[in-house]
Amino acid sequence: MTKLTAGWWARRRWRVALAVAWTLFALYPDPTVLVRSIRNAWSPKIDPDTVREWARTLPRNPRAIEDAVLTRIAYAVPWETDGVPWTFPTPAEVMARGSGDCQGRAVVLASTFAALGMPYRLEASFDHIWVDYPGRKGTGIERSERAFVRRAPTERGWASRLNVPEINWAESWRMQRDYFWDAAPTWRIVVLILGWVVIWALPRFGLGRTALRSQAHPT
């Protein structure tokens, strides 16, 4: 790190730290939601007991089962279901509210297959997660060529693929923008940006110079 870069960082690191803290608080007022989601994403919970009674009413055709899950679980992004930009729910949470994004639908579908003793495999790309099963013809974003991790019923965590997945960066950008930004409530975006503006403007009110002096001359 050059002296110029080091000097820039020394003058601004407290603002960067405040901006990061503010971003997390503005997006996740309850940080335990984010912690639980990260844990669930690392090891998705498949819960056959949650869907067992409902699964018994379904035909033993995997495509018909998938259609039934997509009909029962209406698509909704986390901004709509939880008031945050991203979550990774459990099957019980998704079934209770009757809506969820691709992650919620995937864990419910996988749980349904597990309850019926039918083979399946979770697959995930950088933008999407879905359930693969024998005879399924993946199309669009749900193709095995696009998966970078997979999880079979006998595996506790994700298994990485050895080959490089297929990625459409333009499509990925559009999906991420639609999911995280366009679906966000306007007032949350305004609050987030106002916080950044205030943090960046703090030195104009003398607070930044005070912070720098305290770093340069600690007691």
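State whether one or more residues within the range 136-145 are under 15 Å from the mean Cα position of the chain (by Cα), under 24 Å from residue 65 (Cα atoms) and touching a residue at least 60 places away in the same chain (Cβ under 8 Å).
No - not one qualifying residue is present in the range 136-145.
Of 51, 107, 16, which residue is of a type in the set (A, V, I, L, M, F, W, C) and within 30 Å of residue 195 (Cα to Cα)?
After ruling out the rest, the residue left standing is 16.
Quick one: what pairs do we get from the range 47-75, first residue on the phi < 0 side of the Ramachandran plot and among the basic types (Lys, Arg), second in a loop (DSSP other than H, G, I, E, B) and surrounded by fewer than 14 Cβ atoms within 10 Å (Cβ to Cβ), C-beta under 9 Å, 6+ apart or different chains?
Filtered contacts from the range 47-75: 63/135; 72/98.
For the range 168-186, give me the residue count where each residue is assigned to a loop (DSSP other than H, G, I, E, B) and either within 18 Å of the chain's Cα centre (by Cα) or loosely packed, with under 12 Cβ neighbours inside 10 Å (or both).
So the answer is 3.
Collect the residues in the range 102-121 that are over 22 Å from residue 175 (Cβ atoms), small (Gly, Ala, Ser) and buried (at least 24 other Cβ atoms within 10 Å of the Cβ), keeping them in residue-number order.
111
Condition first: in a strand (DSSP E or B), of a type in the set (A, V, I, L, M) and modelled with pLDDT under 80. Now tell me which residues in the range 139-166 satisfy that.
None - no residue of the range 139-166 is in a strand (DSSP E or B), of a type in the set (A, V, I, L, M) and modelled with pLDDT under 80, so the list stays empty.
Under the condition of being touching a helix residue (DSSP H, G or I) at 6+ places or on another chain (Cβ under 8 Å) and among the small types (Gly, Ala, Ser), which residue from the range 17-40 is farthest from residue 152 (Cα to Cα)?
Per the criteria, the residue is 19.
Could you pull out the residue among 51, 16 that is at pLDDT below 95 and either in a helix (DSSP H, G or I) or more than 15 Å from residue 95 (Cβ to Cβ) (or both)?
From the options 51, 16, the qualifying one is 16.
Tally up the residues in the range 73-101 that are surrounded by 17 or more Cβ atoms within 10 Å (Cβ to Cβ), in a helix (DSSP H, G or I) and of a type outside the set (A, V, I, L, M), please.
Selection size over the range 73-101: 5.
The values are calculated or read from the model by the stated rules, or taken from the named source; none is laboratory data. Since the model is a prediction, treat every value here as computed from it, not as a measurement. A quick note on method: Cβ atoms are made from the backbone with ideal geometry, for glycine too, and the neighbour counts reach across all protein chains shown.
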